[in-house]
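Novice: Quick one: structure below, then a few questions.
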């Protein structure tokens, strides 16, 4: 929940926080950072992943996403693709509603990137043989 504390969302008024748990136990927090040029906005999930990777960490075991909405909110398409790039297909992604009470599992939706982005394209596809046809 503390991850969304530093959100900058004056345009959408939709604060989002993410906490990415690395294999070594480090937690990388991210918040959505909006921009007047909407394409320059970066979501909380990508903020956390980019922060971790830029600090040399590339092994993760869980991701939690929280908003101010009283229902679990799923990552956007761009975030899903970035999660797919750096996280295992079955890594738990916890979608936490705003009314979550610590210690109570009800309301938190657990999913994975393989569920959120089925039949996805990833780095391994770049190594597949090519036919030579354009």
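The values are calculated or read from the model by the stated rules, or taken from the named source; none is laboratory data. Just so you know, these numbers come straight off a predicted model, no measurement behind them. Reconstructed Cβ throughout: ideal geometry from the backbone, glycine too, with neighbour counts over all protein chains shown.
Novice: Quick check: anything in the range 15-26 at pLDDT below 95 and either surrounded by fewer than 16 Cβ atoms within 10 Å (Cβ to Cβ) or under 23 Å from residue 107 (Cα atoms) (or both)?
Specialist: No: zero hits.
Novice: Which residues, counting only those in the range 1-26, are without any contact (Cβ under 8 Å) to a residue 60 or more places away in the chain and part of a loop (DSSP other than H, G, I, E, B)?
Specialist: Within the range 1-26, 7, 9, 10, 11, 12, 13, 14, 15, 23, 24, 25, 26 meet the criteria.
Novice: So, one more: If a residue counts only when it is free of Cβ contacts under 8 Å to residues at least 60 places away in the same chain and farther than 15 Å from residue 3 by Cα, which helices (runs of 4 or more DSSP H) contained entirely in the range 27-133 have at least 3 such residues?
Specialist: In the range 27-133, 77-86, 113-116 are the helices (runs of 4 or more DSSP H) which contain 3 or more residues that are free of Cβ contacts under 8 Å to residues at least 60 places away in the same chain and farther than 15 Å from residue 3 by Cα.
Novice: Would you pick out the residues in the range 71-85 that are at pLDDT 95 or above, crowded, with 19+ Cβ neighbours inside 10 Å and in contact with a strand residue (DSSP E or B) (Cβ under 8 Å, 6 or more places away or on another chain)?
Specialist: 75, 83
Novice: With the structure loaded, tell me whether residue 104 is out of contact with any helix residue (DSSP H, G or I) (no Cβ under 9 Å at 6 or more places or on another chain) and crowded, with 19+ Cβ neighbours inside 10 Å or whether it fails that test.
Specialist: no
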